[in-house]
Amino acid sequence: MTSAHNVPDVKFRVIAGISVTPISAYVGDTITVAGGGFAPRETGIQVYFDDGPVAIPTTITADINGCWESSFTLPTCTYGPHTVSASGDITQPAVTDTLNTKAQITGLSPDNGAPGDSVHLTGNGFGGGKKLTVTIGVIAAPGEDGKPLNTLTPFNGNVDITFRVPKGSTEGQRTLVVTDEGGATASVDFTVTKKTLSTTPLPISPKDNTLRSGEVTFQWQGVTGVTGYTYTLEISRSAGSASIWSKSGIEGSSYTLTDTETVTETLPNGTYYWRVKIVDDYSNASDWSDSSKFTVAQIPTWVWVVVGLIVLVVLMAVAYRETKFKVTE
């Protein structure tokens, strides 16, 4: 057994250091910095963030053991690692630790909307000069102009953008995610609502009449003087029943059923009901118009044959009379 007096002395050196809590934070969070290994009762201690001094609530002086603790508010900065350092009148050069800044969404107005509605978002802690992507329920949101979002963050990592709820978003609570190309990401809940367009089309024709051809022309009164709207036309056998034919994406306020080698839309004899609604660029729709009734009663072929024969007989009779009259003269 070795006696304590036979163990040689071991020399060691205490060096200064700091620790930062938490090690990952958002802009505006309170950051606690604890120092140790400074000179006993050392004064003039200053904390720096990325080489710039931070505002400290009180003057920092180490205790008899060379320890101290203070705090500061994380200033505006970009996503990722940053250096926190401290030095004093005696402790030079500065000792350092690392703090990671996380991205966050600080404002969303409104927090709900239908496809095509405008949304304003603010945030911070993103990368500087990075391209942003916004998704709602995994569907990419376009910019305010309806085109793909093409926005770069300022070099301080702040975000201030306006975009639209994307087409195809389904109703209900969805996750809105903002991501930059540097890997910073933040999310918040967003509620997708349903929008019913305020204008409902007014059917004009056919309306309570009988048509002699299955190539029907439908006319209605819709929106005027604006773009970005189309119409959906629907035909059924009775009011309110399932449609037997429908057509979407109609750009004007009329449509004629056609019969060609590639498309056959004409209707056989019978009674029908039709209605129409307006649809915008984001698939929001108006209420359906009231259903209008019409009947197709095409004249049978044999009728035309009879009419043709009668006309032919009449023409022959007239020709005969004219010929006879000339011979008599």
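Among the residues making up segment 88-112, those that are surrounded by fewer than 15 Cβ atoms within 10 Å (Cβ to Cβ) and small (Gly, Ala, Ser) are Gly107, Ser109.
State yes or no: is Pro115 touching a Pro at 6+ places or on another chain (Cβ under 9 Å), at pLDDT below 95 and either over 30 Å from Gly17 (Cα atoms) or surrounded by fewer than 17 Cβ atoms within 10 Å (Cβ to Cβ) (or both)? Talk me through it step by step, then tell me what you get.
On the way: touching a Pro at 6+ places or on another chain (Cβ under 9 Å): yes; at pLDDT below 95: no; either over 30 Å from Gly17 (Cα atoms) or surrounded by fewer than 17 Cβ atoms within 10 Å (Cβ to Cβ) (or both): yes.
Spelling it out, it is not the case that Pro115 is touching a Pro at 6+ places or on another chain (Cβ under 9 Å), at pLDDT below 95 and either over 30 Å from Gly17 (Cα atoms) or surrounded by fewer than 17 Cβ atoms within 10 Å (Cβ to Cβ) (or both).
Among the residues of segment 260-277, those identified as within 39 Å of the chain's Cα centre (by Cα) and farther than 20 Å from Pro206 by Cβ are Thr262, Val263. Restricting to segment 249-289, what's the tally of residues that are charged (D, E, K, R) and touching a Leu at 6+ places or on another chain (Cβ under 6 Å)? Number satisfying all stated conditions: 1. Of all residues in segment 157-175, those satisfying the criterion of being part of a loop (DSSP other than H, G, I, E, B) and surrounded by 15 or more Cβ atoms within 10 Å (Cβ to Cβ) are Gly157, Asn158, Val165, Pro166, Lys167, Ser169.
Sort through Gly225, Gly249 and tell me the only one that's in a strand (DSSP E or B) and loosely packed, with under 13 Cβ neighbours inside 10 Å. Let's see the steps before the verdict.
On the way: Gly225 fails: in a strand (DSSP E or B).
After ruling out the rest, the residue left standing is Gly249.
Looking only at strands (runs of 3 or more DSSP E) that lie completely in segment 65-139, which have at least 1 residues being within 28 Å of the chain's Cα centre (by Cα)? Please lay out each step first, then the result.
Values: elements: 68-73, 80-87, 95-102, 104-109, 118-124, 132-136.
Filter on segment 65-139 gives 80-87, 95-102, 104-109, 118-124, 132-136.
Taking (1) surrounded by fewer than 21 Cβ atoms within 10 Å (Cβ to Cβ); (2) out of contact with any Lys or Arg (no Cβ under 6 Å at 6 or more places or on another chain); (3) free of Cβ contacts under 8 Å to residues at least 60 places away in the same chain; (4) over 19 Å from Val27 (Cβ atoms) in turn, Pro53 satisfies each apart from (4).
The values are calculated or read from the model by the stated rules, or taken from the named source; none is laboratory data. Quick caveat, the model's predicted, so the values are computed rather than measured. All Cβ positions, glycine included, derive from the backbone under ideal geometry; neighbour counts span all protein chains shown.
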